[in-house]
Amino acid sequence: MHVHAHPDDESSKGAASTARYVTEGVEVTVVTCTGGERGSILNPKMDRPDVLANMSEIRRQEMERARDILGVRQEWLGFVDSGWPDGDPKPPLPEGCFGLVPTEEAAEPLVRLIRELRPHVLTTYDERGGYPHPDHIKCHEISVAAFEAAGDPERYPDAGEPWQPLKLYYHHSFNRPRMQALHDAVLAHGLESPWAERLENWEREPEWDARITTKVACGDYFGVRDQALLAHATQIDPDGFWFAIPREIQVDVWPTEDYELVVSHVASQIPEDDLFAGILDPA
Ligand SMILES: [Zn+2]
(Lines give C-alpha, C1' and ligand atoms only; values in the text may rest on other atoms or scores of the structure.)
Protein backbone atom coordinates (compact mmCIF):
# COMPACT_ATOMS: atom_id res chain seq x y z
CA MET A 1 0.00 0.00 0.00
CA HIS A 2 1.45 3.32 -1.14
CA VAL A 3 0.04 6.36 0.64
CA HIS A 4 0.34 9.54 -1.43
CA ALA A 5 -0.75 13.16 -0.98
CA HIS A 6 -2.02 14.04 -4.48
CA PRO A 7 -2.96 12.37 -7.74
CA ASP A 8 0.39 12.21 -9.68
CA ASP A 9 2.57 11.50 -6.62
CA GLU A 10 2.09 7.74 -7.18
CA SER A 11 3.56 8.19 -10.66
CA SER A 12 6.51 10.37 -9.65
CA LYS A 13 7.53 8.29 -6.61
CA GLY A 14 7.94 4.53 -6.69
CA ALA A 15 5.97 3.99 -9.92
CA ALA A 16 8.47 1.71 -11.63
CA SER A 17 8.85 -0.57 -8.62
CA THR A 18 5.05 -0.57 -8.35
CA ALA A 19 4.77 -1.69 -12.00
CA ARG A 20 7.32 -4.42 -11.36
CA TYR A 21 5.50 -5.75 -8.30
CA VAL A 22 2.16 -5.71 -10.11
CA THR A 23 3.72 -7.73 -12.94
CA GLU A 24 5.01 -10.21 -10.36
CA GLY A 25 1.50 -10.69 -9.00
CA VAL A 26 1.52 -8.42 -5.96
CA GLU A 27 -1.76 -6.61 -5.23
CA VAL A 28 -0.84 -2.95 -4.92
CA THR A 29 -3.15 -0.23 -3.63
CA VAL A 30 -2.45 3.46 -4.06
CA VAL A 31 -4.14 5.60 -1.41
CA THR A 32 -4.51 9.23 -2.47
CA CYS A 33 -5.15 11.57 0.47
CA THR A 34 -6.48 14.60 -1.46
CA GLY A 35 -8.09 15.34 -4.80
CA GLY A 36 -5.32 17.72 -5.88
CA GLU A 37 -7.95 20.45 -6.22
CA ARG A 38 -5.51 23.29 -5.54
CA GLY A 39 -2.75 22.07 -7.83
CA SER A 40 -1.52 24.54 -10.43
CA ILE A 41 -1.39 23.61 -14.10
CA LEU A 42 2.25 22.72 -14.62
CA ASN A 43 2.02 21.80 -18.30
CA PRO A 44 1.78 24.92 -20.52
CA LYS A 45 -0.11 22.92 -23.16
CA MET A 46 -2.93 22.33 -20.68
CA ASP A 47 -3.04 25.85 -19.26
CA ARG A 48 -6.51 26.75 -20.48
CA PRO A 49 -9.47 28.30 -18.63
CA ASP A 50 -11.70 25.27 -19.33
CA VAL A 51 -9.12 22.98 -17.71
CA LEU A 52 -8.65 25.22 -14.68
CA ALA A 53 -12.43 25.44 -14.17
CA ASN A 54 -12.72 21.64 -13.99
CA MET A 55 -9.54 20.81 -12.14
CA SER A 56 -11.06 18.33 -9.65
CA GLU A 57 -12.81 16.28 -12.31
CA ILE A 58 -9.85 16.36 -14.71
CA ARG A 59 -7.42 15.24 -12.04
CA ARG A 60 -9.78 12.43 -11.11
CA GLN A 61 -9.77 11.24 -14.74
CA GLU A 62 -5.98 11.58 -14.94
CA MET A 63 -5.69 9.44 -11.81
CA GLU A 64 -7.91 6.76 -13.32
CA ARG A 65 -5.69 6.57 -16.39
CA ALA A 66 -2.52 6.34 -14.28
CA ARG A 67 -4.17 3.69 -12.10
CA ASP A 68 -4.93 1.55 -15.16
CA ILE A 69 -1.43 2.01 -16.61
CA LEU A 70 0.20 0.96 -13.33
CA GLY A 71 -2.31 -1.84 -12.76
CA VAL A 72 -3.07 -0.83 -9.18
CA ARG A 73 -6.18 -0.45 -7.10
CA GLN A 74 -6.68 3.14 -6.03
CA GLU A 75 -8.60 4.66 -3.13
CA TRP A 76 -9.28 8.30 -2.24
CA LEU A 77 -9.25 9.42 1.38
CA GLY A 78 -11.33 12.43 0.36
CA PHE A 79 -9.38 15.26 1.97
CA VAL A 80 -9.07 18.67 0.30
CA ASP A 81 -5.73 19.77 -1.15
CA SER A 82 -4.00 22.44 1.01
CA GLY A 83 -2.32 24.07 -2.00
CA TRP A 84 1.28 25.25 -2.05
CA PRO A 85 1.56 28.22 0.36
CA ASP A 86 3.33 30.80 -1.81
CA GLY A 87 4.94 33.86 -0.26
CA ASP A 88 7.29 35.02 2.47
CA PRO A 89 6.01 34.79 5.11
CA LYS A 90 3.81 31.94 3.95
CA PRO A 91 0.07 32.67 4.05
CA PRO A 92 -2.15 30.64 6.40
CA LEU A 93 -3.54 27.38 4.96
CA PRO A 94 -7.11 27.51 3.63
CA GLU A 95 -9.83 26.50 6.06
CA GLY A 96 -10.80 22.82 5.99
CA CYS A 97 -7.76 21.65 4.01
CA PHE A 98 -5.91 18.37 4.64
CA GLY A 99 -2.91 20.09 6.22
CA LEU A 100 -5.12 21.49 9.00
CA VAL A 101 -6.97 18.26 9.93
CA PRO A 102 -5.58 16.92 13.23
CA THR A 103 -3.44 13.85 12.51
CA GLU A 104 -5.38 11.63 14.92
CA GLU A 105 -8.57 12.38 13.01
CA ALA A 106 -7.04 12.30 9.50
CA ALA A 107 -5.48 8.87 10.16
CA GLU A 108 -8.85 7.22 10.82
CA PRO A 109 -9.89 6.50 7.21
CA LEU A 110 -6.40 5.17 6.51
CA VAL A 111 -6.56 2.84 9.52
CA ARG A 112 -9.91 1.65 8.17
CA LEU A 113 -8.41 0.91 4.73
CA ILE A 114 -5.39 -0.87 6.19
CA ARG A 115 -7.69 -3.08 8.26
CA GLU A 116 -9.86 -3.79 5.24
CA LEU A 117 -7.15 -4.47 2.64
CA ARG A 118 -4.52 -5.94 4.98
CA PRO A 119 -1.31 -4.83 3.26
CA HIS A 120 1.99 -6.38 4.33
CA VAL A 121 4.01 -3.31 3.35
CA LEU A 122 3.20 0.38 3.68
CA THR A 123 5.15 3.18 1.98
CA THR A 124 4.99 6.91 2.57
CA TYR A 125 7.18 10.04 2.61
CA ASP A 126 9.94 10.85 5.07
CA GLU A 127 9.36 13.32 7.91
CA ARG A 128 10.27 16.24 5.62
CA GLY A 129 7.54 15.14 3.24
CA GLY A 130 10.05 14.51 0.43
CA TYR A 131 9.44 18.15 -0.30
CA PRO A 132 7.84 20.54 2.17
CA HIS A 133 4.28 20.67 0.82
CA PRO A 134 1.88 20.72 3.82
CA ASP A 135 -0.08 17.79 2.31
CA HIS A 136 3.10 15.72 2.01
CA ILE A 137 3.99 16.36 5.65
CA LYS A 138 0.45 15.45 6.71
CA CYS A 139 0.57 12.35 4.51
CA HIS A 140 3.73 11.28 6.35
CA GLU A 141 2.13 11.92 9.72
CA ILE A 142 -1.07 9.98 9.10
CA SER A 143 0.82 7.07 7.49
CA VAL A 144 3.11 6.65 10.48
CA ALA A 145 0.17 7.06 12.88
CA ALA A 146 -1.99 4.56 10.99
CA PHE A 147 0.86 2.03 10.69
CA GLU A 148 1.24 2.16 14.49
CA ALA A 149 -2.47 2.12 15.30
CA ALA A 150 -3.92 -0.34 12.76
CA GLY A 151 -2.80 -3.45 14.67
CA ASP A 152 -3.87 -2.17 18.06
CA PRO A 153 -7.40 -3.24 19.10
CA GLU A 154 -7.55 -0.35 21.60
CA ARG A 155 -7.10 2.27 18.87
CA TYR A 156 -9.91 3.22 16.49
CA PRO A 157 -12.14 0.36 17.76
CA ASP A 158 -14.88 1.25 15.25
CA ALA A 159 -12.59 1.11 12.22
CA GLY A 160 -12.48 -2.65 11.63
CA GLU A 161 -10.55 -5.71 12.78
CA PRO A 162 -6.93 -4.92 13.76
CA TRP A 163 -4.26 -5.62 11.14
CA GLN A 164 -0.56 -4.93 11.55
CA PRO A 165 1.39 -4.27 8.32
CA LEU A 166 4.85 -5.82 8.63
CA LYS A 167 7.08 -3.14 7.13
CA LEU A 168 7.02 0.64 6.82
CA TYR A 169 9.15 2.40 4.18
CA TYR A 170 9.90 5.98 3.17
CA HIS A 171 10.56 6.93 -0.47
CA HIS A 172 14.13 8.13 -1.08
CA SER A 173 14.44 8.18 -4.86
CA PHE A 174 15.03 11.93 -5.05
CA ASN A 175 18.45 11.57 -3.51
CA ARG A 176 21.47 13.69 -4.33
CA PRO A 177 23.85 10.86 -5.31
CA ARG A 178 21.34 9.65 -7.91
CA MET A 179 20.88 13.09 -9.35
CA GLN A 180 24.64 13.66 -9.43
CA ALA A 181 25.19 10.32 -11.21
CA LEU A 182 22.52 11.12 -13.81
CA HIS A 183 23.90 14.64 -14.25
CA ASP A 184 27.45 13.32 -14.81
CA ALA A 185 26.26 10.69 -17.28
CA VAL A 186 24.24 13.19 -19.28
CA LEU A 187 27.26 15.50 -19.56
CA ALA A 188 29.47 12.56 -20.54
CA HIS A 189 27.07 11.92 -23.42
CA GLY A 190 27.50 15.51 -24.55
CA LEU A 191 23.93 16.43 -23.58
CA GLU A 192 22.62 19.26 -21.46
CA SER A 193 21.79 18.37 -17.86
CA PRO A 194 18.48 19.55 -16.37
CA TRP A 195 19.96 19.29 -12.90
CA ALA A 196 22.98 21.66 -12.98
CA GLU A 197 21.39 24.48 -11.00
CA ARG A 198 19.52 22.17 -8.62
CA LEU A 199 22.73 20.30 -7.75
CA GLU A 200 24.64 23.50 -7.15
CA ASN A 201 22.08 24.59 -4.56
CA TRP A 202 21.60 21.15 -3.03
CA GLU A 203 23.63 20.80 0.15
CA ARG A 204 25.43 17.51 0.59
CA GLU A 205 23.90 15.43 3.38
CA PRO A 206 25.76 12.11 3.50
CA GLU A 207 23.91 11.05 6.65
CA TRP A 208 20.57 11.60 4.97
CA ASP A 209 21.64 9.64 1.88
CA ALA A 210 22.92 6.83 4.10
CA ARG A 211 19.35 6.24 5.31
CA ILE A 212 18.59 4.31 2.11
CA THR A 213 18.30 0.63 3.03
CA THR A 214 16.54 -0.83 0.02
CA LYS A 215 17.13 -0.52 -3.72
CA VAL A 216 14.49 -2.12 -5.89
CA ALA A 217 15.64 -2.93 -9.43
CA CYS A 218 13.00 -1.63 -11.82
CA GLY A 219 14.76 -0.20 -14.89
CA ASP A 220 12.64 -2.41 -17.15
CA TYR A 221 9.59 -0.52 -15.90
CA PHE A 222 10.76 3.06 -16.42
CA GLY A 223 8.66 3.13 -19.61
CA VAL A 224 5.51 2.26 -17.66
CA ARG A 225 6.41 4.90 -15.08
CA ASP A 226 6.73 7.49 -17.83
CA GLN A 227 3.34 6.56 -19.30
CA ALA A 228 1.76 6.89 -15.85
CA LEU A 229 3.39 10.30 -15.40
CA LEU A 230 2.09 11.47 -18.78
CA ALA A 231 -1.43 10.46 -17.76
CA HIS A 232 -1.30 13.42 -15.35
CA ALA A 233 -1.38 15.86 -18.24
CA THR A 234 -2.15 18.95 -16.14
CA GLN A 235 0.82 18.28 -13.85
CA ILE A 236 3.47 16.85 -16.12
CA ASP A 237 4.96 18.70 -19.08
CA PRO A 238 6.02 16.10 -21.69
CA ASP A 239 8.79 18.51 -22.72
CA GLY A 240 9.84 19.25 -19.13
CA PHE A 241 12.54 17.97 -16.79
CA TRP A 242 10.80 14.65 -16.09
CA PHE A 243 11.80 13.44 -19.54
CA ALA A 244 14.96 15.48 -20.09
CA ILE A 245 17.29 12.52 -19.43
CA PRO A 246 17.14 9.73 -22.03
CA ARG A 247 15.65 6.59 -20.52
CA GLU A 248 18.60 4.44 -21.66
CA ILE A 249 20.93 6.59 -19.58
CA GLN A 250 18.65 6.28 -16.54
CA VAL A 251 18.49 2.50 -16.90
CA ASP A 252 22.24 2.34 -17.31
CA VAL A 253 23.19 4.67 -14.44
CA TRP A 254 20.50 4.21 -11.76
CA PRO A 255 18.12 1.32 -12.50
CA THR A 256 16.59 1.25 -9.01
CA GLU A 257 14.04 3.09 -6.90
CA ASP A 258 15.29 3.65 -3.40
CA TYR A 259 13.61 3.33 -0.03
CA GLU A 260 14.32 3.49 3.67
CA LEU A 261 13.05 0.70 5.88
CA VAL A 262 11.80 2.54 8.96
CA VAL A 263 9.90 -0.08 10.95
CA SER A 264 9.97 -3.83 10.46
CA HIS A 265 8.19 -6.62 12.28
CA VAL A 266 10.14 -9.27 10.31
CA ALA A 267 13.85 -10.04 10.07
CA SER A 268 15.58 -9.01 6.84
CA GLN A 269 19.18 -8.39 5.80
CA ILE A 270 20.11 -4.73 5.20
CA PRO A 271 20.81 -3.68 2.47
CA GLU A 272 17.73 -5.14 0.82
CA ASP A 273 16.70 -5.31 -2.83
CA ASP A 274 13.04 -6.12 -2.21
CA LEU A 275 10.27 -4.45 -0.17
CA PHE A 276 9.03 -7.95 0.69
CA ALA A 277 12.38 -9.26 1.97
CA GLY A 278 11.77 -11.25 5.13
CA ILE A 279 8.07 -11.61 4.29
CA LEU A 280 8.05 -13.79 1.16
CA ASP A 281 11.42 -15.38 1.90
CA PRO A 282 11.88 -15.61 5.67
CA ALA A 283 15.42 -14.36 6.44
ZN1 LIG B 1 2.09 15.96 -4.14
With every protein chain left in place, what is the accessible area per residue of the range 136-271 in square angstrom, probe 1.4 Å?
50 Å²
Candidates Gln227, Gln269, Gln61, ranked by Gaussian network fluctuation over the chain, Cα under 10 Å, top entry
Gln269
For the range 1-125, what does the alpha-carbon gyration tensor say about shape, rounded, prolate or oblate, given a ≥ b ≥ c as the root eigenvalues, a/c under 1.5 as rounded, and a/b over b/c as prolate?
oblate
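Cβ neighbours within 10 Å, averaged per peptide: list 195-204, 141-150 in order, most packed at the top.
Peptide ranking by packing, descending: 141-150, 195-204.
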Connecting every pair of Cα atoms under 10 Å apart in the chain and solving the GNM, the largest mean-square fluctuation among Val72, Val31, Val266 falls on Val266
Cβ under 15 Å from Glu260's Cβ, Glu260 left aside: what net charge do those residues give with Lys, Arg +1 and Asp, Glu -1?
-3
With +1 on the Cβ of every Lys and Arg and -1 on the Cβ of every Asp and Glu, the dipole magnitude of the chain about its Cα centre, in debye rounded to the nearest 20, is 300 debye
Between rounded, prolate and oblate, where does the range 58-103 land on the alpha carbon gyration tensor, with a ≥ b ≥ c its root eigenvalues, rounded for a/c under 1.5, else prolate if a/b exceeds b/c?
prolate
Take the chain, connect every pair of alpha-carbon atoms lying under 10 Å apart with a spring to form a Gaussian network, then pick out the residue of His120, His189, His140 with the largest mean-square fluctuation.
His189
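Once the convex hull of the C-alpha atoms of the chain is built, how many Å³ does it hold per residue, rounded to a whole number?
So the per-residue hull volume is 141 Å³.
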Using +1 on the beta carbon of Lys and Arg, -1 on that of Asp and Glu, and nothing else charged, what's the dipole of the range 34-104 about the Cα centre, debye to 20?
240 debye
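The values are calculated or read from the model by the stated rules, or taken from the named source; none is laboratory data. Quantities reported herein were computed from a predicted structural model and do not represent experimental measurements. Ideal geometry is used to build each Cβ from the backbone, glycine not excepted, and the neighbour counts take in all protein chains shown. Accessible surface areas use protein heavy atoms only, side chains included; no ligands, DNA or RNA. Shrake-Rupley method; radii C 1.70, N 1.55, O 1.52, S 1.80 Å.
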